Amino acid sequence: MTTTTDPALSGDAPARVDSGEPVAGRVDGPVTQRGVIASESLKFHSLRSTLLVLAAAIIGMVVLGAVIAFNTRDRAGLDPEDVVASGPLQGYYLGQLLMAALGVLVVSGEYSSGMIRATLAAVPTRLPVLIAKAVVFTVVVGISMIVASLAAFLVAQVVLSGHRPTYSLGEGSTLRVVIGTGVYLTLVGLIGSALAWIVRSTPGALVATLAIILVVPILLELVFPSWGTYITAYLPTGAGQSFSTSLPVPHALSPWTGLAVMVAWVVAGMVAAAAVLKHKDV
Amino acid sequence: MIEARTLTKKYDDKVAVDGLSFTIEPGIVTGFLGPNGAGKSTTMRMMLGLDRPSSGSVLINGKRYAEHAAPLNEVGALLEARAIHPGRSARNHLLSLALTSGIKRGRVEQVLDMVGLTEVAHKRVGEFSLGMGQRLGVAAALLGDPRTIILDEPVNGLDLDGIRWIRALLTRLAGEGRTVFLSSHLMSEMAMTAEHVIVIGKGRLLRDQPMADFIREAAVSSVRVLSPEGDRLAEQLKNAGATVTVDATDTDGTLTVEGVTGRDVGTLAAQAGITLWELAAQSGSLEDAYLALTRDSLDYQDIAGLSPRHPDSTEEHAS
């Protein structure tokens with residue numbers, strides 16, 4: 001006890017309630033994972049920047065699909081990657097840049113704005129926030145990117161029809177490749193999120209993500225020409241190619257193994273992110 | 001009730017909070033005073049589990065903050081005016097917090113109304129003034145109708161109306177039996193709001209007492225005396241155990257006497273047959289007492305003559 005309260009000091013304040021009793025009418029329940037997911041969903045949808053990046057990726061994928069198809073109507077002199085079923089999906093080069101940025105931003109925006117303190121004061125056990133952000137990102141971006149990929153493919157077939165043979169989703173590995181592209185883009189974004197939880201700064205996480213998906217595979221193959229490709233097949237980009245391109249890639253993993261490897265990267269990143277989030281001051 | 005027990009936070013080799021122990025009672029406003037960098041914010045962040053104590057603990061109503069199932073119902077906190085994403089509207093900011101623990105949409109409208117932001121609730125927070133951001137922070141703190149309210153420098157950025165509003169709000173919340181804990185580096189602000197005061201400097205506890213006692217102890221009185229026989233009077237006063245200082249800038253030779261009352265000075269002068277021209281009792285200011293208390297713990301010193309108070313005191317009126 002540090003003080004006894006003197007009624008004279010508090011003026012005409014109403015009678016006090018004993019310290020042990022809740023004085024306030026309960027207006028809420030306990031924090032639930034479901035509630036935190038609803039919260040993160042609102043946060044995702046209530047930022048103009050988030051929606052703009054997502055829209056840019058969807059439109060970019062579809063427009064690029066149509067443009068690539070238009071430019072490759074004549075079969076003569078085409079590169080192999082333009083002829084295969086996944087040819088019109090090369091808009092994923094833009095898509096992965098934008099999804100990496102989006103994955104980073106949904107997390108790093110909390111740190112750059114200071115919002116993370118309000119967020120973690122509301123959810124002091126912390127990990128439900130990481131889970132909720134990953135769930136919302138997976139669902140929203142997953143659906144968006146699969147739809148974008150499907151749209152890009154189908155639009156391209158319309159542009160190509162009458163010029164050279166088109167592909168249908170039912171044949172061979174086409175459906176797997178088209179959906180796989182959407183899945184790949186979503187997983188790239190989740191890697192960005194994991195790195196943002198770890199480094200907390202937007203530029204830092206962005207550089208780290210782009211280095212891992214774009215720069216490291218190229219450097220490995222340059223530095224170790226003989227066996228670099230064996231390793232890059234297991235990196236996120238290489239593993240992703242195994243299920244997102246119709247083009248044969250040397251030393252590539254089988255599609256399901258590739259998917260498992262890429263998911264493993266995401267899980268590993270999120271586990272590291274959870275450890276940092278749980279134990280580091282904010 | 002908030003209980004800190006030898007709460008300590010070290011960053012590498014710097015000790016930010018050094019073995020703080022105190023209990024903050026419900027039903028009154030408790031002020032947390034100290035110069036900038038004294039460790040107030042770090043202490044408050046540890047209360048909310050945002051920073052992990054290096055040793056010791058701080059409990060809120062008997063539990064660590066993170067152990068409460070409904071934390072927003074337990075503690076409402078205003079940590080920084082800008083713990084808010086600028087791209088989101090005020091309403092969506094509050095809704096996103098409310099959703100985590102199933103707080104109804106109606107409560108969001110209620111707190112928006114309480115802080116007077118209903119009309120701008122759809123605007124992006126990035127367009128808000130400092131004062132509006134502060135009001136939104138207060139709304140967020142009140143969202144869960146919490147038993148304990150922790151506010152870090154709540155008057156920063158508020159205009160005079162806003163300061164009066166927050167003073168009345170805090171008094172009312174405490175009157176409802178809640179624990180209200182607010183920090184400030186401004187003594188004058190705290191003297192008007194808080195019933196109890198905790199003063200820290202360089203992370204250490206300096207005072208933990210009722211505001212009335214702090215003020216009484218702080219009000220060290222002195223006596224100003226002007227006499228044609230100043231030197232002789234000073235001699236007599238010193239013999240009587242008083243401390244006498246002469247203001248060098250005062251050509252009249254006014255004496256400032258501490259340790260005796262004005263009545264003592266008059267009696268002594270009469271007995272010695274010394275003429276007095278002026279005799280005035282003066283009480284010391286609270287601000288001076290606070291500054292004297294925390295002076296040794298400042299990381300820096302005010303540049304002489306530039307600022308009689310704390311350098312940041314102008315923030316109070318910035319909006």
Neighbour count of at most 13 Cβ within 10 Å plus DSSP loop: longest chymotrypsin sites (Phe, Trp or Tyr not before Pro)-free window in chain B: B:1-276
Farthest positive-ward along chain A dipole, Cα basis, beta-carbon charges - from A:GLY29, A:VAL266, A:THR119: A:VAL266
Assigned charges on the beta-carbon of Lys, Arg, Asp, Glu; the protein assembly as shown dipole about Cα centre (debye): 2580 debye
Part-to-part distance (alpha-carbon centres) for the stretch B:113-131 and the stretch A:208-282, which is given in Å: 45 Å
Simple Cβ-charge dipole of the stretch B:221-283, Lys/Arg +1 and Asp/Glu -1, about Cα centre, in debye nearest 20: 220 debye
Residues B:ARG107, B:ARG232 arranged by fewest to most Cβ contacts within 10 Å: B:ARG232, B:ARG107
Farthest toward positive dipole pole in the stretch A:164-282 [+1 Lys/Arg, -1 Asp/Glu at C-beta], among A:THR209, A:SER173, A:THR229: A:THR209
In Hz, Karplus ³J(HN,Hα) per residue of the stretch B:155-166 (6.51, -1.76, 1.60; θ = phi - 60°; x = Gly, Pro): 8, 3, x, 8, 7, 4, 4, x, 5, 4, 4, 5
With Cα atoms, 0 to 90° folded angle of helix B:262-272 axis to chain B main axis: 10 degrees
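What net charge is computed for the residues neighbouring A:LYS278, neighbours being all others with C-beta under 15 Å from the C-beta of A:LYS278, Lys and Arg scored +1, Asp and Glu -1?
With Lys, Arg at +1 and Asp, Glu at -1, the neighbours total +3.
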Cα convex hull volume per residue for the protein assembly as shown (Å³): 200 Å³
Two-site label geometry, B:ALA270 and A:VAL271: point separation in nm, points 7 Å out along Cα→Cβ: 9.0 nm
Kirkwood-based Rg to Rh ratio, the stretch B:221-283, C-alpha trace: 0.91
Cβ crowding within 10 Å averaged over residues, with B:167-174, A:71-78 ranked highest first: B:167-174, A:71-78
10 Å Cβ neighbours from other chains, averaged over peptide A:32-45: 4
Point-to-point label distance, A:VAL147-A:VAL63, nm (Cα→Cβ direction, 7 Å offset): 1.9 nm
Fewest-first sequence of B:ARG204, B:ARG91, B:ARG105, B:ARG135 by Cβ atoms within 10 Å of each Cβ: B:ARG105, B:ARG204, B:ARG91, B:ARG135
Normalised alpha carbon radius of gyration of the stretch A:33-279 [divisor 2.2 N^0.38 Å]: 1.05
Percent of beta bridges antiparallel (DSSP, chain B, rounded to nearest 5): 65 percent
Derived scalar couplings ³J(HN,Hα) [the stretch A:33-44; Karplus, 6.51 cos²θ - 1.76 cosθ + 1.60; whole Hz; x for Gly, Pro]: 4, 4, x, 5, 5, 4, 5, 5, 5, 4, 4, 4
Normalised convex hull volume, the stretch A:68-145, alpha-carbon set, Å³ per residue: 107 Å³
Beta bridges by DSSP in the protein assembly as shown, antiparallel share as percent, to the nearest 5: 65 percent
Rg [Å, one decimal], Dmax [Å, integer] - the stretch A:85-223, C-alpha atoms: 18.0, 60
Dipole-positive endmost among B:GLY273, B:GLY230, B:THR256 within the stretch B:221-283 (Cβ charges, Cα centre): B:GLY273
Local electrostatic count at A:VAL107 - Lys and Arg +1, Asp and Glu -1, tallied over other residues with Cβ under 14 Å: +3
Within-9-Å neighbourhood charge of B:GLY87 [Cβ basis; K, R +1; D, E -1]: +3
Separation in nanometres of the label points that stand 7 Å from Cα toward Cβ, at B:ARG232 and B:ASP161: 6.3 nm
Cβ-placed point charges (K, R +1; D, E -1), dipole of the stretch A:33-279 about Cα centre in debye, nearest 20: 760 debye
The stretch B:2-217: C-alpha pair distances exceeding 29 Å, %: 23 percent
C-alpha long axis of helix A:127-160 to longest principal axis of chain A, angle in °: 30 degrees
In degrees, nearest ten, helix B:230-239 long axis to first principal axis of chain B (Cα): 70 degrees
Entries in A:LYS133/B:LYS63; B:LYS202/B:LYS238; B:LYS40/B:LYS238; B:LYS14/B:LYS63 that, when Cα-Cα distance is taken, lie over 31 Å: B:LYS202/B:LYS238; B:LYS40/B:LYS238
10 Å Cβ neighbours from other chains, averaged over peptide B:134-145: 2
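FYI, it's all coordinate maths here, none of it is from the lab. Note that the structure is a prediction, hence the values are computed from the model and not measured. Methodologically, a virtual Cβ is constructed for each residue, glycine included, from the backbone with ideal geometry; neighbour enumeration extends over all protein chains shown.
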